[in-house]
Amino acid sequence: MTRETFKTIEWTKTTVRLLDQRRLPSREAYVSCSTHSEVAQAIEDMVVRGAPAIGIVAAYGLVLGLRELMVKQQTADYNDIDTLFSRLAETRPTAVNLFWALDRLKRLIDLNKQVSLPSLIERVESEAEAIHQEDREMCDAMGRYGADLFDSSVRILTHCNTGALATGGTGTALAVIRELSNRGKLTHVFADETRPFLQGSRLTAWELDRDQIPVSVITDSMAADLMKRRQVDAVIVGADRITANGDVANKIGTYGLAVLCRMHEIPFYVVAPTSTVDLGTSDGSFIEIEQRSSREVTHVGQYMLVPDGVAVLNPAFDVTPNELITAIITEYGVVGKPYETGLLAQLK
Ligand code: MRU
């Protein structure tokens with residue numbers, strides 16, 4: 001059963017209202033953005049995060065930006081519009097859904113250069129709403145295709161947050177987990193806590209618990225031992241970018257899980273909509289990996305975890321090579337190896 005009792009992203013026509021994910025699980029607080037720069041800041045600060053979610057929010061941010069321009073001018077100045085795109089695009093570099101959504105709106109604007117600014121804004125707003133609605137539908141389809149892969153009840157390990165907090169619908173990997181639960185085929189979920197931002201323990205556990213789906217949070221370092229003790233039947237994760245050859249950028253720690261799955265002969269599935277597939281990038285070595293603030297590693301709130309002045313690394317994502325992936329599940333179905341041809345066929 002999926003109970004949508006919270007709204008991750010709500011478009012009110014004048015603002016985009018976001019559930020502030022930095023405050024979960026202790027508080028359910030909302031942030032309203034009424035300008036494109038407030039939206040950009042919210043993405044950078046991780047008020048909202050997750051690949052499909054940031055694409056949707058950036059699309060609404062562009063609508064707000066165009067409205068800001070309309071207060072100043074009646075006709076469209078394309079340099080000003082480009083500045084809006086640049087501000088929204090510079091927020092986070094790895095998840096391709098952000099650029100996919102912005103490119104889609106850019107193409108629409110280019111096709112509507114002859115229309116007045118108010119009509120252009122109406123069209124861009126409808127497109128942003130369509131991006132949001134389509135994402136909801138893609139989540140449901142991925143859930144069904146992914147759940148079809150399992151014949152009996154399974155114990156799933158997942159990483160980061162890939163649910164209703166990361167998408168416009170029920171999620172990517174979590175949509176599969178939800179559907180397995182709906183079909184009575186889910187024994188248990190192990191949620192990696194996902195250091196350092198703790199999307200697993202703070203967000204995935206919060207979502208699953210609300211839906212009464214049985215979940216245990218584990219520290220990231222426990223996964224190997226659980227697998228060795230045959231407690232995990234499959235690992236299911238999401239993706240931030242899938243390149244033409246099927247390499248997958250996802251939350252830091254994903255690659256380690258894929259290596260562990262190979263060692264323990266456990267299937268490793270990636271679930272992502274085709275808006276996450278980047279056919280323009282040949283392989284994972286070309287993906288820009290976001291480096292986030294060292295403070296996310298050195299502190300939890302005000303509490304210091306690392307001696308002052310000691311260097312830390314904080315890459316937000318890693319790349320899993322395609323050969324470690326059992327299958328990729330999109331809204332069109334299950335893609336197996338070789339991923340080059342399978343992904344291309346789905347995106348035609
Ligand atoms: O840094 P985040 O929280 O935006 O990272 C999110 C992830 O890595 C998810 O696994 C990914 O976006 C895919 S799920 C929708």
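The values are calculated or read from the model by the stated rules, or taken from the named source; none is laboratory data. Since we're looking at a predicted model, the values are computed, not measured. Positions of Cβ are generated from backbone atoms using ideal geometry, with glycine treated the same way; all protein chains shown enter the neighbour counts.
With respect to the conditions (1) in contact with a strand residue (DSSP E or B) (Cβ under 8 Å, 6 or more places away or on another chain); (2) within 15 Å of the ligand (Cβ to nearest atom), His188 lacks only one, and its number is (2). Within segment 164-187, the residues that satisfy the criterion of being of a type in the set (Gly, Ala, Ser) and either without any contact (Cβ under 8 Å) to a residue 60 or more places away in the chain or more than 23 Å from Asp318 (Cα to Cα) (or both) are Gly168, Gly169, Ser181, Gly184. The lone criterion from (1) touching a residue at least 60 places away in the same chain (Cβ under 8 Å); (2) surrounded by 14 or more Cβ atoms within 10 Å (Cβ to Cβ); (3) charged (D, E, K, R) left unmet by Glu137 is number (2). Inspection of segment 107-129 finds no residue satisfying the criterion of being outside the structural domain of Met70 (by TED's automatic domain parsing) and not in a helix (DSSP H, G or I).
Exactly one residue out of Val300, Val306 is among the β-branched types (Val, Ile, Thr) and in contact with a Ser or Thr (Cβ under 6 Å, 6 or more places away or on another chain), and it is Val306.
Residue count for segment 45-64, restricted to those that are part of a helix (DSSP H, G or I), within 12 Å of the ligand (Cβ to nearest atom) and either hydroxyl-bearing (Ser, Thr, Tyr) or touching a Lys or Arg at 6+ places or on another chain (Cβ under 7 Å) (or both): 1.
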